[in-house]
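Asks: Have a look at this one before I ask anything.
The values are calculated or read from the model by the stated rules, or taken from the named source; none is laboratory data. Keep in mind that this is a model prediction, so the values were computed, not measured. For neighbour counting, all protein chains shown are included, and Cβ atoms are generated from backbone atoms with ideal geometry for every residue, glycine included. Please note that ligands, DNA and RNA were not included when accessible areas were found on the heavy atoms of the full protein model with its side chains. Shrake-Rupley method; radii C 1.70, N 1.55, O 1.52, S 1.80 Å.
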Amino acid sequence: MEKNDKETMEENPKDVTTDKPEINYRGWKSMPFIIGNETFEKLGAIGTLSNLLIYLTTVFNMKSITATNIINIFNGTTNFSTLLGAYLCDTYFGRYKTLGFATIASFMGLLVIQLTAAIKKLHPPHCGSAENTCRGPTAGQMAFLLTGFGLLIIGAAGIRPCNLAFGADQFNPKTESGKRGINSFFNWYFFTFTFAQMVSVTLIVYVQSNVSWAIGLGIPAILMLIACALFFMGSKMYVKVKATGSPMTSVVQVLVVAVKRRGLNPPEQPWLSLFNHLPTSSINAKLSYTDQFRFLDKAATVTPQDQINPDGSSANPWKLCTMQQVEEVKCVVRVIPIWAAAIIYYIAIVQQNTFAVFQAVQSDRHFGNTNFQIPAASYVVFLMLSLTFWIPIYDRIVVPFLRKITGKEGGITILQRIGIGIFLSVITMIVSALVEERRRTIALTKPTIGIVPRKGAISSMSALWLVPQFVLAGLTEAFASVGQVEFYYKQFPENMRSIGGSLFYCGMAGSSYLSSFLISIIHRTTRDAATGNWLPEDLNKGRLDYFYYTITALGVLNFGYFLVCARWYKYKGVSKDTLEVNLGSTLPQKTTV
């Protein structure tokens, strides 16, 4: 949208929407229902998933590698399903209906998983200390468990891509207060999200590990039921953006027409000569012309054979597209290289939720000189504490300070924020490798403090040595993950924001699958190596630190790749003479997104 148009809309937004019913934006007034629903939903989901790795190995008698791969595949499938959920939301149902259905599905999934613990016939008999006394799950038991997983996948498919966009919909994007509200909403969304995680991996995980799996898994199911009730209680307050039909149809039209017209010569001044028509019913902001991917411009190049309707629209959009459509496709295509970098970065976070838990299992988890042991899965709380403490500081202190220096609405650009997070992910893996090397050395050279059944000796190294890597991982997410969500929301066209939100989770899915692939490859290639298997059941006999260094090397290459992509990237809606041409540049005339 042009600058003058924006100023006019901000000064008198009602003049622009005289032919449409006025939208009553409630902003922060509706947040107790939305963020409250999100908090209880995460308390329920994370309360189950955070300790699911231990549940599979202790109650369902699975081996560590098998359980890790199942969790990675489940997480990957869950996150990839958000793409389908976002498509159905934007095309047919809208965010409100999608969230309502998905929340109910999540409750049913948690209830099914709770029943696997509460009913003896739905899980294998208790496994003794000897490996030959273990009996794995039957086909029926596994099918029932996977049914719960399937319902959780359906729930996540609707909740994850829609929750953020639905919350941001409650703020007026045409006013300054609304814009600031959207920016703060992303930070506070992750704050409450992480608070829910902390409660889950401490209190709920403690009940699961030390009291009863049936009770511990029943609490999340009850919390999810509360989330359902809370969400529907606020129904009358919400701004409900209706589905506008498949946004992907427009994308496909541009690609098809551009290929059909590949023989046309590109126009000399495309920003003046391309077919430029924006329907009054469109919810998308008008985009300025950008000179990237110019081959797509041919889709909006007018020829003598093209027919125009009396209202100025194309008679056949499969033969002639608008410049607006072309620019929207460019927005989508430009985001993909940045998204690819996010896949590699998040592998570092995946390890903190899988192998770092096994590191804690074979470390001294006693709290001081007491007999109380901190559950292994609860150490992830330090990641969440780090993120929770940093986000308010960043939102209320760092951003305003940087805003005064840089003049940017967010203090720094979104890509700079993501880049800092990717760099921190590399440091996280270096620290993780050093700590694992110390843990293993102490286990092999000094007296151990016990044996973990079917695993190995427990190192006398305090598990608190794992805290630095979790703290760094939390800072990594505070920069890269929050930055990504804001990036996708702002850089995608308005009618594709749910799909943009799903892209974040698809990146996490890719990380989970890639992590599982790396584990399988390294497990096979090092099984007969002179140094021994890097990833055996007993970490003391393996070289998990080598695996971490491998991920570090990938992270370094990925960081270099990201810097190249960030230098090349052009923000949505900025004309070609005011583009941000590199990650750190600030031109005086630049308009930030």
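Asks: What is the packing order of peptides 268-276, 285-293, taking the mean over residues of other C-beta atoms within 10 Å and listing the highest first?
Replies: By packing density, highest mean first, the sequence is 285-293, 268-276.
Asks: What is the Å³ per residue value for the convex hull set by the Cα atoms of the stretch 307-369?
Replies: Cα-based convex hull of the stretch 307-369, divided per residue, equals 142 Å³.
Asks: If you don't mind, another one. What's the ranking of 411-419, 208-216 by average number of surrounding C-beta atoms within 10 Å, highest first? Kindly include the intermediate steps, with their values, before the conclusion.
Replies: On the way: 411-419: 22.6, 208-216: 17.3.
Taking the mean over residues of other Cβ atoms within 10 Å, the ranking is 411-419, 208-216.
Asks: With the cut-off at 24 Å, tell me which of the pairs LYS174/LYS570; LYS240/LYS570; LYS174/LYS240; LYS319/LYS570; LYS260/LYS490; LYS236/LYS490 have Cα atoms farther apart than that.
Replies: Numbers: LYS174/LYS570 22 Å; LYS240/LYS570 31 Å; LYS174/LYS240 17 Å; LYS319/LYS570 28 Å; LYS260/LYS490 31 Å; LYS236/LYS490 27 Å.
From the list (LYS174/LYS570; LYS240/LYS570; LYS174/LYS240; LYS319/LYS570; LYS260/LYS490; LYS236/LYS490), the Cα-Cα distance tops 24 Å for LYS240/LYS570; LYS319/LYS570; LYS260/LYS490; LYS236/LYS490.
Asks: Summing Lys, Arg as +1 and Asp, Glu as -1, what charge do residues with Cβ under 11 Å from the Cβ of LYS240 carry, LYS240 excluded? It would help to have the intermediate numbers written out before the result.
Replies: Numbers: positive: ARG95, LYS97, LYS236, LYS242; negative: ASP169.
Result for the neighbourhood of LYS240: +3.
Asks: Stick to Cα atoms and the Kirkwood definition of Rh, then tell me Rg/Rh for the stretch 341-482.
Replies: 1.09
Asks: Which order do you get for LEU53, LEU146 if you rank them by accessible area with a 1.4 Å probe, largest at the top?
Replies: LEU146, LEU53
Asks: Using only the heavy atoms of the protein chains and a 1.4 Å probe, how would ARG454, ARG396, ARG334 rank by accessible area, largest first?
Replies: ARG396, ARG454, ARG334
Asks: If you project the alpha carbons of the stretch 240-314 onto the principal axes, what extent comes out on each, in Å, largest first?
Replies: Ordered largest first, the stretch 240-314 gives principal extents of 44, 28, 22 Å.
Asks: If you don't mind, another one. Over the Cα atoms of the stretch 87-168, what Rg and Dmax result, in angstrom?
Replies: Cα-based Rg and Dmax for the stretch 87-168 come out at 17.5, 54 Å.
Asks: Let me ask another. With every protein chain in place, what's the accessible area of HIS523 (1.4 Å probe, Å², nearest 10)?
Replies: We get 50 Å² for HIS523.
Asks: Gap in Å between the Cα centre of the stretch 71-132 and the Cα centre of the stretch 500-566?
Replies: Centre-to-centre (Cα) distance: 25 Å.
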